[in-house]
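None of the figures in this text is laboratory data; all of them are computed from the coordinates on show. Since the structure is predicted, the reported quantities are computational estimates derived from the model, not experimental observations. Here Cβ is always computed from backbone atoms with ideal geometry, including for glycine, and neighbour counts include all displayed protein chains.
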Amino acid sequence: MAAATTATVEIDDPIPGVRRFTLNRPEKRNAMSNQLRRELLAGLQAADADEDVRVSILRGAGKCFSSGYDLGSDLATDQPYWTSKTGLQWARHVTAGWTSIWDLYKPVIAQVHGYAMAGGLELVGACDLAYGAEDARFSHPVTRFALPDFDWFPTHLPPRVAMELQVAGREFSGTEAAAVGIINQAFAVDELEEKVLAIAQRITRTASAVLAVNKRAVHTALEARGGRSVIRTLGDLSAGPHLSAMAADEILDRVKSGN
């Protein structure tokens with residue numbers, strides 16, 4: 001297909017069989033609004049249905065992969081993967097959206113330069129494979145205040161590494177992230193695109209049906225260890241303080257009204 005651009009995501013096919021999505025809000029450090037996430041997920045689903053595509057790549061425009069969710073935009077309305085309006089809504093819809101990438105037949109690769117922070121790191125965890133620049137940075141600053149919305153660290157990483165991310169608040173370089181399994185490999189920044197395209201090209205030599213069953217094999221094992229249900233439960237826990245405040249307000253109102 002010819003290169004196509006939505007309002008927030010640039011789409012192209014750099015080599016046969018490979019669909020590439022570029023988060024295209026460099027002026028916002030590729031902060032993810034609801035619109036961006038909706039356009040990205042719709043594009044990935046379209047690629048999954050395209051017989052000419054074997055694998056997809058996600059990357060960011062400008063200086064980084066993504067700084068996280070766009071807290072300056074209206075994240076409360078028009079959410080992709082809408083769920084019932086409770087204190088659990090945000091984390092549940094984020095989990096539903098990112099785990100939809102797991103449910104795609106075709107593999108999705110994250111290509112990270114600059115940094116992947118907060119929700120940007122959550123998106124990295126939703127991808128099947130991840131590669132980064134050696135000097136890229138990976139962190140989740142929100143853990144200083146709350147649980148991540150899509151907390152894939154306990155299910156995907158060794159406990160000590162998950163503890164460093166979530167308890168110690170450590171920032172990992174690309175080289176360090178590759179060494180502990182946050183990403184698959186790290187490359188020199190000027191070689192990153194070439195290396196990722198070479199990996200994607202190698203994947204295209206395998207039939208889509210075979211890629212699908214091999215991807216499913218890995219995700220089946222992940223689900224058997226708790227996978228999605230653990231992440232969703234942790235997301236519910238992250239809403240706990242909000243729900244407690246709601247409940248306290250309701251109880252106080254009822255006491256005051258006598259009902």
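The table below lists the values:
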item	result
L71-S173 FRET efficiency (beta carbon distance; Förster radius 30 Å; 0.05 resolution)	0.75
Sequence of S229, S100 once ranked by neighbouring C-beta atoms within 10 Å, starting from the fewest	S229, S100
Low-density loop cleavage sites - trypsin sites (Lys or Arg not before Pro) in region 177-216, where at most 14 other Cβ are within 10 Å (DSSP)	R205
Among W152, A162, A212 - extreme Cα towards positive end, dipole of region 137-217, charges at beta-carbon	A212
